[in-house]
Each structure stands twice: as C-alpha cells, then as structure tokens.
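Working notes for the structure below.
The values are calculated or read from the model by the stated rules, or taken from the named source; none is laboratory data. All figures in this text were calculated on a predicted structure; none of them were measured in a lab. With ideal geometry, Cβ positions are generated from the backbone for all residues, glycine too; neighbour counts draw on all protein chains shown. Ligands, DNA and RNA are stripped out before the accessible areas are found, and what is left, the full protein with its side chains, is counted by its heavy atoms. Shrake-Rupley method; radii C 1.70, N 1.55, O 1.52, S 1.80 Å.
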Amino acid sequence: MMKGLGGIDSQPGSSFSRTSSKMHQRPPSQTIRLGRVQPQAPSYRTIFCNDRESNFPVRFKGNSISTTKYNVLTFLPKGLFEQFRRVANLYFLSISILSTTPISPVSPITNVLPLSLVLLASLIKEAWEDWKRFQNDMAINNKMVDVLQDQRWVSVPWKALQVGDIVKVKQDEFFPADLLFMASTNADGVCYIETANLDGETNLKIRKALEKTWDYLTPPKASEFKGEIQCEQPNNSLYTFTGNLILDNQTLPLSPNQVLLRGCSLRNTEYIVTVVIFTGHETKVMMNSMNVPSKRSTLERKLDKLILTLFVTLFVMCFVGATGSALFVDKKYYYLHLDSIEEGSSQFNPNNRFLVLILTMFTLITLYSSVIPISLYVSIEMIKFIQSAQFINKDLHMYHSETNTPALARTSNLNEELGQVEYIFSDKTGTLTRNLMEFFKCSIGGEVYGHGVTEIERGIAERNGMKIEEKRSPNAVQEKGFNFDDTRIMRGAWRNESNPDICKGFFRCLAICHTVLPEGEESPEKIKYQAASPDESALVIAAKNFGFFFYRRTPTAIYVRESHVEKIGHTQDVSYEILNVLEFNSTRKRQSVVCRYPDGRLVLYCKGADTVIFERLADGNNEIRNLTREHLEQFGSAGLRTLCLAYKELHPDAYESWNEKFIQAKSSLRDREKKLDEVAELIENGLTLIGCTAIEDKLQEGVPACIRTLQKAGIKIWVLTGDKIETAINIAYACNLINNEMKKFIISSETDAIREVEEKGDQVEIARFIKDEVKKELKKCTEEAQSYFNTGSAPKLALVIDGKCLMYALDPSLRVMLLDLGLNCHAVVCCRVSPLQKAQVTSMVKKGAHKITLSIGDGANDVSMIQAAHVGVGISGLEGMQAVMASDFAIAQFRYLEDLLLVHGRWSYLRVCKVVLYFFYKNLTFALTQFWFTFQTGFSGQRFYDDWFQSLYNVIFTAVPVVIVGLFDKDVSASLSKKYPELYKEGIKNAFFKWRVVAVYAFFSIYQSLIFFYFVGTTNLTAKNSDGKIFGLWDVSTMAFTCVVITVNLRLLLICNSITRWHYISVGGSILAWFIFVFIYSLICHLFGRQNVYFVIFVLMSTFYFYFILLLVPVAALFCDFVYQGVQRWFFPYDFQIVQEMHKNELNDTGRAKLLEVENQLTEDQARSYAVSRLPPAISKHTGFAFDSPGYESFFASQIGVYAPPKAWDVARRASMKSRLKIVLQK
Amino acid sequence: MSSSSAAAFGSADSTAARRNTKRPKYSKFTQQELPACKPILTPRAVISVFLLVSVVFVPVGVASLLASRKVVEIIHRYDAECIPQSNSSDKVAYIQNPSADKTCNITLNVHKHMKSPIHVYYQLDNFYQNHRRYVKSRNDEQLRDSEKWDSTSGCKPEDMANGKPIVPCGLIAWSLFNDTYIFSRNNKNLTVNKKGISWKSDRDHKFGKDVFPKNFQNGSIIGGARLNDSIPVSIYVNNNYQCMYEIYGSPLFFYEQLSQQEDLIVWMRTAALPTFRKLYGKIEVDLNEGDTISVILKNNYNTYSFSGKKKLVLSTTGWLGGKNDFLGIAYLTVGGLCFFLAMAFTIIYFVKPRQLGDPSYLSWNRNPGGH
C-alpha cells in the first residue's frame, strides 16, 4: 500500500505538485526514477514523507546505530594497532623481532611469550567491552516503534526505520530518531518532552506542531500525508534547526519547536505522530556523542618518568656491557676461534671493535629487556579495574538507600589519584546543600510566620553553646517542598490574623504568579508540579497547603481551588484568566503575571529578588516595607533564599494601552528580548508589597562533619557558587568551612566605590577601576597573609571573592597573586561565578600550583569544572545526569567523599605505589643478576637463565602475588582511615612514590642481585656432593633462579601491611608453580630441542649444597630489607605505622553488624528526609532561583518566541566538534 | 485484620523494594574486610626474628664449616713450571709445537691423610667456557641421535672438516682439554678411574649410545684432545656392520661411542664462571700423610695464549662436597650479624625505648598546626 501510494502512477497529482513546487531548486524527481542518480545538493536534504521509494535513491543512512569500536574483521588489526600505541608494548615488539636475529642471546620465546600474554589479556578486555557495547546497541536497535504501513500502525524495530517514515510515539516512549512533530492527541497540537538524556534537564519542554499538520493523527489520515521536507544536513547543534515543510504547494517554515530529538522521551501526551528526518548516526544526539578525553592519573605520569629512567638504566647497562665486549674480544682466546669469524656473525670480530660494540649493544638490550616491566601496565589496569568495579561500586558505606544509589566509578584510571587530592572545588547547590527547596518561613504584611530553625541557625547556636529545641505541632504537613509549621495561618486560621486581606493576596500571588505545570490527577494529594525550579514548585505547594490549590493550567487560564476564602471550610474553584506572563531572566530578576479575576478586576502579581522589587514599590506604607526588609535580612542570615511578593491593581484602559505595546514588542523581529524587557518595565512599577517568602536550601546530610574531616586530612576546600556573597558565606559557616577564628579576606565588587563608578556607566572605566581595586585588595590581603606567616602564630585564613572581582583577578597579570593568596588560605569561597569561571579557577590551581584537584558538583553548570579538574565527581541519584556523565566518579552524597578519598583513594594510592615499586624492584633485581653475569662471560651477552625461565618469570612466577597486594593490602582499616584523616596527608605529600623511595628500592635491588649472583656463583668451583662432580653453568643458573623466585616472592610478604589467605596462596602458589614447572620442564626440555637444563633440578636436589643455599640466599638477601624496615619503623615511623600500633590489639572491622546499625538508627531528621524521598518524585530542575543559571529555559519562552540561549556546554561541545563536523560535511 | 493486611502490604512492598534495589550485596571481598593478619615489626618482633635467624644460622654455619675443614685438598699450579727453561720466553710457541716433548714431572706432598675416593681435578683460569660464542657452539641433536650426525647447525666454525661434518662438532668439543696425568706413589702406579666422573643424566640422555665421533680433530688446527680410542668397545651395532664397514673402512676398529667419552661429557657441561674445575678421575685408594705423589704430566693444553693458569687438584669430599669455606662463613656471618643486631636492638630497647603506638609520634601531634 505504501509503495503504491508513493508510486508516481497511483498519485500523479501529488507528484506533479511536488515537482512543480521544486522545479527551480532541483531536478524533477522523475529523473531520479529513470535511473540517473543525482547526488543531493550538500547544503540541504529533501525528504519525501511517507514515500520510501522516492527517498530510496538518496540512500539515507539507516537507523541502526553502532557504537562498537571493532567488528569481527577489524578486531585483530585494529585492536593490535591500539595496543602497540603503548610504548612498552612497542618496545617489546621490537625486542621480540630483534630476538629472532642471531644477534640475540635469547630465543624469541623469552620476549614473545610475555608480550603475547599481555596482548591477549588486553585484547580480551577490549573484546569484552566491545561485546557489551554491541549488545547495548542491539538492544537499542531492536526496540520497537509503531510505523505507518498500509494504513495501520505496524510495530517494527528501531533499526528498520527509514527517513521519511511516519511514526507513532506513545507516552513515555523514547524517540527513535530525530523526528518532525506533526500531530498530537493533545488539543492544540502540543506535546511535552523530557530531554534528560540530552542535556540532563528533567523539566518538561513543550513542542508545538504546525497547525497545518494537526489533523494527521489517525492511520487513514496520516497515510494521506504527502509532505516534502527540506531541511539542513545533519549536524550536531542541539538547539537549532532550519527547514521547510512543503505541503499542498505551501512552504511552511520549520523551527526547532517542531523537532523531537532522538534520546528524548514523550511525556503527558497519549501519543504523537511524527516523520523521521534524521536517522541513526545522523541524529543530533549521536553527532554530539564524543569520547570524553580520558584522564591519566598523576601517579601514572610519574610512572612514565620511572619507566623512562629504567630505559636510561637499560641503556647504561648495555653500554657498559658493550664497551666491555669490545675491549674483551681478542684472538688470544683461541678456543673462541675469533680468527675465523664466519659469515653473518661479525659480533666478535676483534678487527672491528666498534661494530662489536654496536652489535653487543643490541644483544644486551634483548638480554636485559626484563628491566622494563612489560606486564606492569596490564597488572595495574586489572587491579584498578577490580578496585573500581568491586570495591568502589559495591561499597555499602557509599550506598545511599534513600535514592537507591550506589557509588559509581565511571573510570578506573583515577583510583589512586583520589588518594592524593589536595584541593576540592565544590559546587554549593545540590552538592553541599540538598537539592531540596522547602518553603520554610514567610513574612506577610510585616508579620513573620513559621517556627522552623535552620541547620545554619542551629549550627551558629551550637557554636555559641546554646541548644535550640524545635517545636513541631503534631499535625504539621509533611511534603516535599514544604517544611512549614505555623498554626496561625494554616487551615484557614489566617482569617483571624490582623490583616487577612494581605494574607489572601499573598496566597493568591503564590498560586497564580508562576510558570508551573500541574500533572496527574487534580487532587491535592496526587497532583505533581512540573517546575523550572524547585523554588517555584515549593511556592505553589505552599499555596496548596495554605488552601489555594492550583490544579489546572490552560494556555489562557489558571484554575485555583480556594478554601476558606468566604468562610472556614468553604471551597470554590476560581479561574483566573492569564493575560500576560512576563518572564524571568537574569537582568529582570523578577517575574510577573497579569491576570483577570472572574469579576473582571485586572491584577498584576509580581515576585522577585528584594532589590528589584523594592525599587518598584509604590510610595507609602513604609512600615511594612521596613519590617519586611528586616525580615529579609533575618531570613538571609539563616541561610534562607528569599523572594519578595508584590501586586498592583491595573486600570483596564492603562492595561490596554500597555498591552498594545507588549504585543508590538512581542512580534518585533529585532531585539525582541530587549524590547520585551523595556515594555515590562512600564507596567512593573508602583507595586504594593505583600510580603516575602523564605525557602530553605537544606544542607546535605553530614556535610559539616565531612568537611571538618577533609580539612583535617589536609585537603583545602574551595566553594564555587552562583549564589550571593551573603548566602555563600552563610553556607560556608554552616558547613564548618569558615569559623570565627579564621581571618577572612573579602574581595567584593559590592563596594560603594565600585558602585559609584558603575553608575556612571563607562564600561572601560568600570573595568579599569575594578581591576585596580581588585589588585589593591589582593596586594593588601597577600601582604597581610605574609605578615601572619612571619609572626608565626598564624590564624587560619579564608578568602571570599565574588564573580566580578574574580573575572579581573583571573587576568594573567593578577592571577599569580590570586593563586598565592588562595593557596595560603584554608578555605576559599567564590560566589556569583559562572560555569566558565569555575573551570578557570580549577585549572588555575591545577596548572598554576601543580596540586591535585578534585571538583564535585551536581548540575550542568558544574560540568566544565568537573572536566577541568584532575578528578571530577558528580553527585548522582537526584535529577540531572549532566554532571554525572562528565564525571569520573559519581556518588550520591557529598559526605561520601570521605569514604571515596580517605578510604578508597588512600588505599588505592598505597596499593598502586606498592605494585609499581615492587614491579620495579623485581624486574630490576632479575635483570641485574644477568648484568653481573655479563661481567663473567667476557661481556659476550651470554644469557644466565634458560629462555623459558626468563619468559615465565614475569608471567607466572611473580605475577599473581603482586596483584593480590594491589587488591587487598591495607595499612589501617577503613574506620581508622576515617578516624585519623591526617593519614591522608601522606598521599598528598606523595610520600610513597618519591624518588627517594625509588632509590631505596633500587639499592635493595642492587644488593639482592649481588647476593644472588655471587653467593650462588661460589658453587661453580668445587664439588657439591660426595661424588666430586662439578656443577655446570645451567646448574648454577637454575639454582640462582630458584633463589630469585623465592626471595622476590617472600619480599612481597615483607612489604605487606595485612596478609590474607590470598597472599599465602598466591605467594606459595608462585613458588610451587616454579618448582612444578622446573620438575616437568627439566624432564621434557629436550623435546623443545634444548637440553641445557635437562635434569638440572634433579641434579641440584641430589646435593645438600642446594638446600643450604636455598636457606642462606633468601635470608641474606632479605636481611638488609628487614633491618631497614625495622630501623625505619623504630626510629622514623610513618604515621600509619603509629596508628597500626595504637590499634594492633583491636579486631578487624566489625563489618556487617556496624553497617546494619548505621542503617537502623536514623535520626529524626534523617527519618523525615527518608520519608520525603519515598514520596513520588516531583520532576524539577535544581538550578534554583539563581536567575543567571545557564540551563534556564522556560516552558513559555518558546511559545512567546523568546530565544532560548544556547547552553554553555553545547557551545563548548560544538567548538570541539568543529573538525569532525568538517569531515562529515566533506563526505 | 487490618493490621495483618497492613503487614502483608508492608512485606509485599519490601520485597518489591528489595528486587529493585541497587544496594550492593555484602561480601567480605567487596567490603574489603577479608580476615587478615597484620604483622607489625615491633621491636620485640624484630629482635626475636634476629635471634631466631642467628640460632638457626650459627649451628648450620659451624656444621658446614666443619664439613669443609674435613676435606683435604692439594692444589698444584703447574702451567709455569712445566715449560722448559729454554722455552720460557715464548711459551705459546712451545705449547703449539707438536714435536716438542710436553712431558713434565711434578711431585705432590700429602700433608694430611686422604680418604678414598680422592678426586682428581684440573682447574683452569681465565677460560671463558661461558662465552656466548662458546656455549652455543654445539649441536645437542647430533650428540644424542645417531641419525642426526650431519646436523651441525650452531657449530661454526668447527662444523665441517675437509667438507665432511664433524661429530661432535663445535668449539666446545674442539677445545677439549688434553693434559694427562699419571700418578704414582713410591714408584707404584696409582690407578685413576675415569669411569663415573660425569653426571649420569648427561651420559644417559645427552650423549647417544650409538653416536660415534667422526672426522673429529681432522681440521687444519687441532684445538685439543682427540677422543679416546682405547676404551674397549662395549656395544656392538646390530645389523649395521656392513654400513659401519663402508664408512670407516675397517671392520675391526671402532671409535668409541660418545656416551662413554666421559672426559668429553664433563668438558661439555660448560662452567658458569671463567675459573672452573673439571673432574679428571678418581683415585680409589687412601693417601697417607707424608706420602709423596709423583705425577707424570703431559702439558698439552694451551692456556698460555690467554695467560690462563692450570692447576692440578687432588681433593677428598665430604657430605657437602669439596673444600669450600664460603657457605660456613656466610652462614656464620649472617647468623652473627643477626645476633649482634638482636643484642644492639635489645640494648636500645631497654636504654631508649619507643613506646608502641605513642600518639605523640604522630606527625600532626609533633608539630601542631604546621603546614
């Protein structure tokens, strides 16, 4: 049917119309059908709706996606290529190639075997990950969607979707491709979408179809749809779309308002009918997906330096050996036949000593190749993977039961970086504070209502030694967003207050002046509010609880169920006609609604920041004004977020004349926004103040305690927030960041001098002046800080700086001073900062001070900061995934940082350090025994050990125990790690991976290798059993190897802080593996064409001497280590060692019992927040009333045609996508 | 009734919640609470470990030193004295002169009773048997398998002589040591048993019983000993008679098979270090204190080119092998050091003890408020 409909013969008319309308733009479609395939013009694409055949020649890409890196064919070449991009692997590849030449003293197996095992392990990991991606893709590709076929909806998998198909999407389904919105079951062709997957915003957005297409809803109607879409080529800009729909010879312009992007989902709409425009990889979301640049930990970069040092060591060793060889070769050693050098082996030609030197160089490189620990990277990767997947992700201490969120390590690269963090940059809202706005107090007509005590007030009181008891009335309402208790105005009691009319106005203002959407059943218990910010929904919820229940919104009216207005207990439904909505934006800082009462009265309700409202109040009634101002300050100091409410009665004539101007401004094409602001200004004046609201932005659980612990751990915390300076300082006080003993430096742009200059309005002058001021301030503060340091008894310092000053302070000329000052402070608070500034501050400390930084945040505005820091942590579990998607670790609560850093980070750091150093030690020791042997062989490069011994040394005999240490070693238990946060300082100072530590390890390597070689070497000369027979080279080397394996494994136990069963098993197993191997191998080695070590181990074991050596050598080798460790612990103990000793008689962690305990003993407050969290989630966005939040987009903004500014991260992403886009376009 | 329904509701709710929960399951592994012992090197532990080591090591050291002391060893360096005075200016020329008389008489005095078997070794010095070019210059297959007589890979330059493959090929075999010693006491010959001087595994598995030397030392330069052809033939090669005849020309005369050439087998178990001893044979009678042994020595082997020493060693063996004080001294040293350290630590422990787990040692307590 579809085919028939699309065919030219069955529908000549439509085809004709299409052709004629497009004649001037592209060749008629018939030519295409005749087989002359015309490539589509690159600047736009033409889509024939509901006509697969016409679309066929263009060959749009299918809708199946593939995010896999490899396929069956490319896996091996591409995977190997990826592996050989690592220097260590490439090095071993070249060594392996070199060892196939006669120049090599070792057979290729020595290097090929470890290399191939390493490659195998990496490839298996890659394959597994890719397989998971593939399965994921398959699951997505096989999701079902309804497509119009033969006049009915047919369910097909997503991957079968083609451009031009007509698709039905039902409620809560995801859009399978980028779609053009045609028709909706909603009355006026609108639908609501959620874009959480795209930008992390969970507020609903409205999309509106073109009026012309509203009818194509049912299958018979939809199959008649024969539109043609001309639109831009696929691109990655999420917020733009240009195109036209050509329908019945009419060209209708399309805007982003009609486009539904893949990844979003449909909400609040039964179903919609759409046309596919972009499919698969051409959808905007897919074109936006890019790999986040992977971060490498600082320790790993240091490790690179260590490897480089090893390369230098290797070179020096080879050079020494090669020089020796060149000097050694001499014809006098006639038994070597150096006079008759055969072809191809000029390595020992005494006549060309330079060549000898060069060739021996290569020989020795292959011989000593084991200096470079090839399996190090793989082992570390494996350890870190298990650390993150098993330990961090599954830690019950970091599981948040209220939101059902465990911790998530999104990368395993940075585990040990967590153990070295020195600076934490934290967002405030949603991170330090709960993402929970609760209506807490209000002031109506000069009277304060609400008994609540904020955590901040309590904190202040506690510091002053007072205890505040909070009285709650037994029937106080408990609801998310409403934590208010005052019987004076609840349940209609406000009627008995001194000014009930003002109360009524206050409640009506709350119920009417907002942009909230109700959702669900229209009953007070079940309704849900969709709000742009939780503050707004808190206000509407408050109105509901005061008896003004807003339950329905139409484009023109708001319905409110008002109780107790006429008399107590009486309820009536009132509809207010909404005439105008004057939107929030960052300059206006207020929002107004003009409404018409049922009785025809015109009222403007306005709410906004105190500063802007107070400016616009009508004269008179100064009493309320002053009282309210007083209350505002009171609320502010309690850490509450305040808003002023006001109203104004409008005269119909005045309104009409204003409305004309408004409509004019609304339809103007240029500077629409500015004009709208100006028009709004005309009506928003002469307001009457009603009162103000106070919303509590609750502190997250356990934040103050966590911050105190982190500060004790030597971590400095910087708070970067968009809030006002006072709020920020309040929060900083509340969470213990700043206290009264600290010396505070405040650099603010809110000084009289600056304001004065600003009022003059000369931008250049303002900039110059502020910069000078900032410079002066900085200098003063720095000098003061310096003087404190000089006097010795320095108080702790804190710096508070606001965004505007920060802008100038970040100027290259002042940056050094700012950094200097900042680094000397214990706490820094930056307020009123933009997302970009957050990132700038972070990278200033990261790059300027070379300190390890961690950023933690929960919102889209923290993304840049999270990406800029060494470690990015996202707060998960609440709304918004943007920060989590950009982060390296995601935790549910700020307080889990304590576990993440002090426990997991510290252990990871400790373990990785140990693993690296141990690898370094064991490989160096092993290679050095070879090196000493070289001196005894005339520098010929003769190998000391059998090939298989050498190749399995790293792979089997010493591989597993070190991994066990990397997983299980812990110096002190988790609870002690948190009890003594100062232990963390060892990580900050990098105490365990300094060059000094490396040097100690190197010293022991040299010492031990000398012991191995020379102690075992003495066995060469005399008989070793009563038979008088003499050992040969391979007997000696096997004995030495046995000693090395045993010692190196035992040495591991010596560096362990805790020894589990697995340590014993792995260490014992490794030694046992060596013996089993050598027993078998020495019997069957002749099968491999080599009989050097034939029967050697049995010969050795037939002598007493062997056992005596086996006891002597490991003890003598470890003797030095043991003395070192004993002396170090006795005389120069590390802090963790003292803590170990203090608690050595305590049992292990109490474990599970303790955990359960924690969960069962919820405090009252926790119980309440738990109860609230169990309530059905209200979808909201948390950026709050900070009007300049970047993610702000109103529901109505698009309706009234206000341009929604592109998001900061979208811009950033597009910049980085530029090059890729070009490639796409070129194709 | 109502309470029971509420309970039922509650349980249904909780099971549903449990099913949906992302709460990680508890396990000792994931919570990192595996039972572990936490060894702490407390002073007491350190001292006891030192004491333990010294308690074990000192007796072992004494025992091995005694075992070594019981071994009687006579070492006689003869490379210099066995050059006639007239040739001392050019030792190399003398040793390379095939017509010169290499016989040399030396006498050894037995200073202590030597119990049989007395092992006769020769010791070479500055001889790099472990040189890479030397070590690999052999062909194991050829030595083991008579079929592979012509495989001489790795043997260059001693792989072919006169166009035919050499068995055994390679530098090691080519440079076989060829000094010989004839011992006599009071003009009575002391028999030197040259059987069983090599490791059995070498004889049985590395050198074939049906592999015979061919074309050996037939090259332009003779590096060392020819193989011994005077050992009676002990194995007849069945059904190969004809073949052998054709190859060697004489039906009555056989070269000895390699597995019986113990001098070669000993020589080919290359030494680990450039100074080494090789077993020459065994004297199976006791030598008494004061005996004078005269040795008729054929000084054939050239160590003069590279100024290597040659020594003749007569040694008895104990249960720990030949005379070697190293092991005893090493044990005693380590044991003694441990004992000394144990004492030293004990003194410090009593004189200036460090209280375990003293919080004042914590860095943040030592310099409070420090940066």
*asked:* Going by what's in this entry, would A:Phe1031 be described as within 9 Å of chain B (Cβ to nearest Cβ) and touching a residue at least 12 places away in the same chain (Cβ under 8 Å)?
replied: yes
*helices (runs of 4 or more DSSP H) contained in the range A:728-831 and holding at least 3 residues of a type in the set (Asp, Glu)*: A:752-760, A:763-791
*Residue that is farthest from the other protein chains (Cβ to nearest Cβ), among those in the range B:94-142 that are open to solvent by 50 Å² or more (accessible area, probe 1.4 Å) and part of a helix (DSSP H, G or I)*: B:Gln96
*asked:* Quick check on this structure: which one of A:Asp899, A:Asp888 is more than 20 Å from A:Gly702 (Cβ to Cβ) and either open to solvent by 10 Å² or more (accessible area, probe 1.4 Å) or touching a residue at least 40 places away in the same chain (Cβ under 8 Å) (or both)?
replied: A:Asp888
*Report yes if some residue within the range A:65-80 is of a type in the set (D, E, K, R), at pLDDT below 50 and open to solvent by 70 Å² or more (accessible area, probe 1.4 Å); otherwise report no.*
no
*Which one is nearest to A:Leu113 (Cα to Cα), of the residues in the range A:923-951 that are more than 9 Å from chain B (Cβ to nearest Cβ) and of a type in the set (Gly, Ala, Ser)?*
A:Ser951
*Please verify whether the range A:560-578 includes one or more residues that are open to solvent by 30 Å² or more (accessible area, probe 1.4 Å), within 22 Å of A:Leu689 (Cα to Cα) and touching a strand residue (DSSP E or B) at 6+ places or on another chain (Cβ under 7 Å).*
no
*Quick one: is A:Phe944 assigned to a helix (DSSP H, G or I), assigned by the TED database to the domain that holds A:Ile1084 and closer than 29 Å to B:His131 by Cα?*
no
*For the range A:947-968, what are the residues that are crowded, with 24+ Cβ neighbours inside 10 Å and part of a loop (DSSP other than H, G, I, E, B)?*
A:Thr958
_The one condition in (1) under 30 Å from A:Glu986 (Cα atoms); (2) under 31 Å from the mean Cα position of the chain (by Cα) that A:Lys743 fails to fulfil_ = (2)
*asked:* Here are the criteria: (1) open to solvent by 20 Å² or more (accessible area, probe 1.4 Å); (2) in contact with a Gly (Cβ under 9 Å, 6 or more places away or on another chain); (3) part of a helix (DSSP H, G or I). Tell me which single one A:Gly722 does not satisfy.
replied: (3)
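Against the condition hydrophobic (A, V, I, L, M, F, W, C), open to solvent by 10 Å² or more (accessible area, probe 1.4 Å) and part of a loop (DSSP other than H, G, I, E, B), how does A:Leu252 come out, does it pass? Talk me through it step by step, then tell me what you get.
On the way: hydrophobic (A, V, I, L, M, F, W, C): yes; open to solvent by 10 Å² or more (accessible area, probe 1.4 Å): yes; part of a loop (DSSP other than H, G, I, E, B): no.
No.
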_Looking at the range A:612-642 only, could you name the residues that are open to solvent by less than 40 Å² (accessible area, probe 1.4 Å), over 17 Å from A:Ile725 (Cβ atoms) and part of a helix (DSSP H, G or I)?_
A:Val612, A:Ile613, A:Phe614, A:Ile624, A:Thr628, A:His631
*Within the range A:828-851, how many residues turn out to be modelled with pLDDT of 85 or more, under 18 Å from the mean Cα position of the chain (by Cα) and surrounded by fewer than 24 Cβ atoms within 10 Å (Cβ to Cβ)?*
3
*Name the residues in the range A:669-700 that are modelled with pLDDT under 80 and open to solvent by 20 Å² or more (accessible area, probe 1.4 Å), would you?*
A:Leu669, A:Arg670, A:Asp671, A:Arg672, A:Glu673, A:Lys674
*Looking at (1) part of a strand (DSSP E or B); (2) among the hydrophobic types (A, V, I, L, M, F, W, C); (3) open to solvent by 10 Å² or more (accessible area, probe 1.4 Å), which is the one condition that is false for B:Leu314?*
(3)
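Consider B:Thr270 carefully, then state whether it is surrounded by 15 or more Cβ atoms within 10 Å (Cβ to Cβ), in contact with a Leu (Cβ under 6 Å, 6 or more places away or on another chain) and in a loop (DSSP other than H, G, I, E, B). Outline the logic, then answer.
Working: surrounded by 15 or more Cβ atoms within 10 Å (Cβ to Cβ): yes; in contact with a Leu (Cβ under 6 Å, 6 or more places away or on another chain): yes; in a loop (DSSP other than H, G, I, E, B): yes.
Against the criterion (surrounded by 15 or more Cβ atoms within 10 Å (Cβ to Cβ), in contact with a Leu (Cβ under 6 Å, 6 or more places away or on another chain) and in a loop (DSSP other than H, G, I, E, B)), B:Thr270 qualifies.
Which one of A:Tyr1007, A:Tyr1014, A:Tyr945, A:Tyr984 is at pLDDT 95 or above and aromatic (Phe, Trp, Tyr)? Break it down into steps so the answer makes sense when it comes.
Numbers: A:Tyr1014 fails: at pLDDT 95 or above; A:Tyr945 fails: at pLDDT 95 or above; A:Tyr984 fails: at pLDDT 95 or above.
So the residue among A:Tyr1007, A:Tyr1014, A:Tyr945, A:Tyr984 that is at pLDDT 95 or above and aromatic (Phe, Trp, Tyr) is A:Tyr1007.
For (1) of a type outside the set (S, T, N, Q); (2) in a strand (DSSP E or B); (3) out of contact with any Pro (no Cβ under 6 Å at 6 or more places or on another chain); (4) more than 7 Å from chain A (Cβ to nearest Cβ), each residue gets a yes or a no:
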{"site": "B:Ile265", "(1), (2), (3), (4)": "yes, no, yes, yes"}
{"site": "B:Pro274", "(1), (2), (3), (4)": "yes, no, yes, no"}
{"site": "B:Arg277", "(1), (2), (3), (4)": "yes, yes, yes, no"}
{"site": "B:Ser307", "(1), (2), (3), (4)": "no, no, yes, yes"}
{"site": "B:Gly328", "(1), (2), (3), (4)": "yes, no, yes, yes"}
{"site": "B:Leu332", "(1), (2), (3), (4)": "yes, no, yes, yes"}
{"site": "B:Leu341", "(1), (2), (3), (4)": "yes, no, yes, no"}
{"site": "B:Ala344", "(1), (2), (3), (4)": "yes, no, yes, yes"}
{"site": "B:Ile348", "(1), (2), (3), (4)": "yes, no, yes, yes"}
*Could you look through the range B:30-72, keep only residues that are among the aliphatic types (A, V, I, L, M) and outside any helix (DSSP H, G or I), and pick out the one that is surrounded by the fewest Cβ atoms within 10 Å (Cβ to Cβ)?*
B:Ile40
*Mind listing just one residue for me: the one in the range B:156-169 that is surrounded by 24 or more Cβ atoms within 10 Å (Cβ to Cβ) and touching a Ser or Thr at 6+ places or on another chain (Cβ under 9 Å) and, of those, farthest from the other protein chains (Cβ to nearest Cβ)?*
B:Val167
*Hey, any hits in the range B:63-83 for a residue that's away from chain A (no Cβ under 14 Å), in contact with a helix residue (DSSP H, G or I) (Cβ under 9 Å, 6 or more places away or on another chain) and polar (S, T, N, Q)?*
no
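Each row is one residue, and each column tells you yes or no for (1) closer than 26 Å to A:Leu720 by Cα; (2) of a type in the set (S, T, N, Q); (3) part of a loop (DSSP other than H, G, I, E, B).
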site	(1), (2), (3)
A:Thr366	no, yes, no
A:Met382	no, no, no
A:Lys394	no, no, yes
A:Glu417	yes, no, no
A:Met437	yes, no, no
A:Arg458	yes, no, no
*Hey, among B:Ile235, B:Ile247, which residue is more than 14 Å from chain A (Cβ to nearest Cβ), assigned to a helix (DSSP H, G or I) and at pLDDT below 90?*
B:Ile247
*Identify, by number, the condition in (1) without any contact (Cβ under 8 Å) to a residue 24 or more places away in the chain; (2) more than 9 Å from chain A (Cβ to nearest Cβ) that B:Thr30 doesn't meet.*
(2)
_Residues within the range A:360-379 that are open to solvent by less than 10 Å² (accessible area, probe 1.4 Å) and more than 30 Å from A:Thr323 (Cβ to Cβ), tallied_ = 0
